[in-house]
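Working notes for the structure below.
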2 protein chains.
Amino acid sequence: MFEVIFLGTGSMKPTQKRFTTSFVLRHEGESILFDAGEGVQVRLSQSGLSPNKISKIFISHFHGDHFYGIPGLIFSMSHGERTKKLTIYGPKKTREFIEKLLSVGYSNLKFPVEVIELKNGERIEEETYTITAFSVEHGPPALGYLFKEKDTKNIDSKKMKKHKLTPNKKFRELKNGKEIEIDGLKMKPEDWLVDTPGDSLVYSGDTIPCDNTTLAAKAVTVLIHESTYLDGETQEDRGHSTSLDAAKLAKKAKAKNLILTHFSPRYLDTKPLLESAKTVFPNTYLSKDLKGFVIKRGELVV
Amino acid sequence: MFEVIFLGTGSMKPTQKRFTTSFVLRHEGESILFDAGEGVQVRLSQSGLSPNKISKIFISHFHGDHFYGIPGLIFSMSHGERTKKLTIYGPKKTREFIEKLLSVGYSNLKFPVEVIELKNGERIEEETYTITAFSVEHGPPALGYLFKEKDTKNIDSKKMKKHKLTPNKKFRELKNGKEIEIDGLKMKPEDWLVDTPGDSLVYSGDTIPCDNTTLAAKAVTVLIHESTYLDGETQEDRGHSTSLDAAKLAKKAKAKNLILTHFSPRYLDTKPLLESAKTVFPNTYLSKDLKGFVIKRGELVV
């Protein structure tokens, strides 16, 4: 189970309604930031999320609408007395760019910032999840990311109902592989635990529809795909997708849900982009600034 | 006559109500930006001002709350097809900092950005105004700025009334030093033109109350002075002023009006800062994001 809160859903430049690209993924008390457009710290404050909970930032690529919020966010964390390390992941040149950004001006950083450059297929392994980078096709070095919760073992809820059991503190021991006893009922892990598959999320970053995204998004619980333009409309920048492109890719990858984001500033109303996508992929949703989604047991809760 | 529109009036970090420091001075179709905190392009858009009208940016000093909006603003101008030169003025190291900022990432600038570093007392001379930099006392190299309209010659309005004259196209020739004739009345420049003193503005940047600001603000139409704190309250950062400091300085300099800005994020309500200042300098006003002031013939119009 995890939560996604969009902080910026626009592209190129912030507008009155949409800041540039960023969202936060919350998982077991940790906040992971994907991209950090200008003003991301304002949106974080509006969403009530603490910047100090952010442990990792994943940058998709170095166009300004994806990273101009970094220095403001980092030095506000520093003024806020953060001492905990922050790790920034991104494509090649991330180290050079972050070092330059943080060296401008006279502010002193009070906590360590580690920068890790990722290549296609590289994976970050944590206790309860993994994040895998994959190369996408945008122009400059650009990555997409696959976040995957690890499968867990949980008490069989059907069996619980049958035995009229309610949640119990001892269940933790059972989950940790120990036999327990409740009201004379002996419960062995091998009898009572069932596998719960983890949920997963793919973030495309900026890209044309590409095989690497399709591969990463295979059967994913939710695909967050850029949809800068409406199908058939003039594209100011090459290297982007339409909402129909995103929907076709979601269908091909058999993703369970699709959230559209990174809209061109020309779209004050994004409903036509949603309608276009829904013609091929009905489980499509629109992101907007400060909107949250809960992803739980294969389902997307809006 | 000129206009001031505040784009950000907070300090340290943007809050939900206040972005960090920036204001625009509009004078005869030209927009001059003083400082450029994060999100300045959002506020410009909200104020309905065109970023392309901005010819010059004056940076007071290189703390993030005064310049993090620069890359976003400049590359949005560039996407907006600007070709006209932009000049950025600031204290020493401005060139190094701006070059670094603009070299991060993969965006290409489509217009020239000129950087000019100013020393204490250096003056920019334009046809209708001058801007003079002065050193202030903040810690890192920091400047304040004095904007001064040049005195102009205008038709004597009392004499016009007496002769029952209404505005006339020929007056332009008279202003340019030529004798004109209206309905048989011969009008000589030396008889009909009177001196109109230009208005002036001082922006303190970030500073403790200092002699250079007092000197620059002598008899100025409006002094925009930082007032980070309320008198008597704990100061997180040294190198700042209270609203009472600003008011005492305005009084000493015999400024006509004082506008307070650069409030600490701790002040959700800034009225106490205003009240404190008014005890020694009644013509004090509070800035807030998107608030405009017109400065005309020695008067401040709120």
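B:Leu49 passes all but one of (1) more than 9 Å from chain A (Cβ to nearest Cβ); (2) buried (at least 22 other Cβ atoms within 10 Å of the Cβ); (3) part of a loop (DSSP other than H, G, I, E, B); (4) not charged (D, E, K, R); which number fails?
Against the list (1) more than 9 Å from chain A (Cβ to nearest Cβ); (2) buried (at least 22 other Cβ atoms within 10 Å of the Cβ); (3) part of a loop (DSSP other than H, G, I, E, B); (4) not charged (D, E, K, R), B:Leu49 comes up short only on (2).
What residue, among those in the stretch B:1-17 that are within 13 Å of chain A (Cβ to nearest Cβ) and under 13 Å from B:Glu226 (Cβ atoms), is most open to solvent (accessible area, probe 1.4 Å)?
The extreme case among them is B:Met12.
Please go through the stretch B:27-45 and pick out each residue that is open to solvent by 10 Å² or more (accessible area, probe 1.4 Å) and more than 13 Å from chain A (Cβ to nearest Cβ).
Residues satisfying the conditions are B:Glu28, B:Gly29, B:Glu30.
Would you check which residues across the stretch B:225-250 are buried (at least 24 other Cβ atoms within 10 Å of the Cβ), in contact (Cβ under 8 Å) with a residue 60 or more places away in the chain and not in a strand (DSSP E or B) and list them?
Hit for the stretch B:225-250 is B:Thr228, nothing else.
Mind listing just one residue for me: the one in the stretch A:265-302 that is hydroxyl-bearing (Ser, Thr, Tyr) and in contact with a Phe, Trp or Tyr (Cβ under 8 Å, 6 or more places away or on another chain) and, of those, most open to solvent (accessible area, probe 1.4 Å)? Walk me through how you get there before you give the answer.
To start, the set of residues in the stretch A:265-302 that are hydroxyl-bearing (Ser, Thr, Tyr) comprises A:267, A:270, A:276, A:279, A:284-285, A:287.
Retained after the next criterion (residues that are in contact with a Phe, Trp or Tyr (Cβ under 8 Å, 6 or more places away or on another chain)): A:270, A:285, A:287.
On the way: A:Thr270: 11, A:Tyr285: 64, A:Ser287: 2 Å².
The selected residue is A:Tyr285.
Give the number of residues within the stretch A:127-140 that are within 14 Å of another protein chain (Cβ to nearest Cβ) and crowded, with 18+ Cβ neighbours inside 10 Å. Lay out the reasoning, then the answer.
Our first condition is that a residue be within 14 Å of another protein chain (Cβ to nearest Cβ); within the stretch A:127-140, this holds for A:138-140.
With the extra rule that they be crowded, with 18+ Cβ neighbours inside 10 Å, the set shrinks to A:138.
Summing the residues that are within 14 Å of another protein chain (Cβ to nearest Cβ) and crowded, with 18+ Cβ neighbours inside 10 Å in the stretch A:127-140 gives 1.
Out of curiosity, is A:Thr87 of a type in the set (S, T, N, Q), closer than 23 Å to A:Glu38 by Cα and either in a loop (DSSP other than H, G, I, E, B) or touching a strand residue (DSSP E or B) at 6+ places or on another chain (Cβ under 8 Å) (or both)?
On the way: of a type in the set (S, T, N, Q): yes; closer than 23 Å to A:Glu38 by Cα: yes; either in a loop (DSSP other than H, G, I, E, B) or touching a strand residue (DSSP E or B) at 6+ places or on another chain (Cβ under 8 Å) (or both): yes.
It is true that A:Thr87 is of a type in the set (S, T, N, Q), closer than 23 Å to A:Glu38 by Cα and either in a loop (DSSP other than H, G, I, E, B) or touching a strand residue (DSSP E or B) at 6+ places or on another chain (Cβ under 8 Å) (or both).
Given the condition of a type in the set (Ser, Thr, Tyr), surrounded by 14 or more Cβ atoms within 10 Å (Cβ to Cβ), not assigned by TED's automatic domain parsing to the domain that holds A:Lys159 and not in a loop (DSSP other than H, G, I, E, B), answer yes or no: does some residue in the stretch A:257-264 qualify?
If we filter the stretch A:257-264 for residues that are of a type in the set (Ser, Thr, Tyr), which is where we start, we get A:261, A:264.
Add one more test, that the residue is surrounded by 14 or more Cβ atoms within 10 Å (Cβ to Cβ), and what stays is A:261, A:264.
Subset that is not assigned by TED's automatic domain parsing to the domain that holds A:Lys159: A:261, A:264.
Add one more test, that the residue is not in a loop (DSSP other than H, G, I, E, B), and what stays is A:261.
Yes: one or more hits.
Within the stretch A:82-126, which residues are open to solvent by less than 70 Å² (accessible area, probe 1.4 Å), more than 14 Å from chain B (Cβ to nearest Cβ) and either polar (S, T, N, Q) or within 30 Å of A:Asp211 (Cα to Cα) (or both)?
If the condition is that a residue be open to solvent by less than 70 Å² (accessible area, probe 1.4 Å), more than 14 Å from chain B (Cβ to nearest Cβ) and either polar (S, T, N, Q) or within 30 Å of A:Asp211 (Cα to Cα) (or both), then A:Thr87, A:Tyr89, A:Ile116, A:Glu117, A:Leu118, A:Gly121, A:Ile124, A:Glu126 are the ones that fit.
In the stretch A:155-171, how many residues are open to solvent by 50 Å² or more (accessible area, probe 1.4 Å) and either in contact with a Gly (Cβ under 9 Å, 6 or more places away or on another chain) or in a loop (DSSP other than H, G, I, E, B) (or both)? Break it down into steps so the answer makes sense when it comes.
Let us first name the residues in the stretch A:155-171 that are open to solvent by 50 Å² or more (accessible area, probe 1.4 Å), namely A:157-159, A:161-164, A:166-170.
Those left that are additionally either in contact with a Gly (Cβ under 9 Å, 6 or more places away or on another chain) or in a loop (DSSP other than H, G, I, E, B) (or both): A:163-164, A:166-170.
Residues in the stretch A:155-171 being open to solvent by 50 Å² or more (accessible area, probe 1.4 Å) and either in contact with a Gly (Cβ under 9 Å, 6 or more places away or on another chain) or in a loop (DSSP other than H, G, I, E, B) (or both): 7 in total.
Go through A:Val194, A:Val222, A:Val202 for me and flag whichever is free of Cβ contacts under 8 Å to residues at least 60 places away in the same chain and open to solvent by less than 10 Å² (accessible area, probe 1.4 Å).
Numbers: A:Val194 fails: open to solvent by less than 10 Å² (accessible area, probe 1.4 Å); A:Val222 fails: free of Cβ contacts under 8 Å to residues at least 60 places away in the same chain.
Only one candidate passes the filter, namely A:Val202.
So which of B:Leu215, B:Leu185, B:Leu174 is away from every other protein chain (no Cβ under 14 Å) and surrounded by 14 or more Cβ atoms within 10 Å (Cβ to Cβ)? Lay out the reasoning, then the answer.
Values: B:Leu215 fails: surrounded by 14 or more Cβ atoms within 10 Å (Cβ to Cβ); B:Leu185 fails: surrounded by 14 or more Cβ atoms within 10 Å (Cβ to Cβ).
Step by step, each of B:Leu215, B:Leu185, B:Leu174 is checked, and only B:Leu174 is away from every other protein chain (no Cβ under 14 Å) and surrounded by 14 or more Cβ atoms within 10 Å (Cβ to Cβ).
Report yes if some residue within the stretch A:53-60 is open to solvent by 10 Å² or more (accessible area, probe 1.4 Å) and either part of a helix (DSSP H, G or I) or under 18 Å from A:Asp289 (Cβ atoms) (or both); otherwise report no. Give the derivation first.
Of all residues in the stretch A:53-60, those open to solvent by 10 Å² or more (accessible area, probe 1.4 Å) come to A:53, A:55-56.
Checking which are either part of a helix (DSSP H, G or I) or under 18 Å from A:Asp289 (Cβ atoms) (or both) leaves us with A:53.
Yes, that holds for at least one residue.
Is at least one residue of the stretch A:66-81 at pLDDT below 95, loosely packed, with under 15 Cβ neighbours inside 10 Å, over 16 Å from B:Pro71 (Cα atoms) and more than 7 Å from chain B (Cβ to nearest Cβ)?
Yes - at least one qualifying residue is present in the stretch A:66-81.
The values are calculated or read from the model by the stated rules, or taken from the named source; none is laboratory data. Note that the structure is a prediction, hence the values are computed from the model and not measured. Note: ideal-geometry Cβ built from the backbone for every residue, glycine included; neighbour counts use all protein chains shown. Protein only, heavy atoms only, side chains kept; ligands, DNA and RNA dropped before computing areas. Shrake-Rupley method; radii C 1.70, N 1.55, O 1.52, S 1.80 Å.
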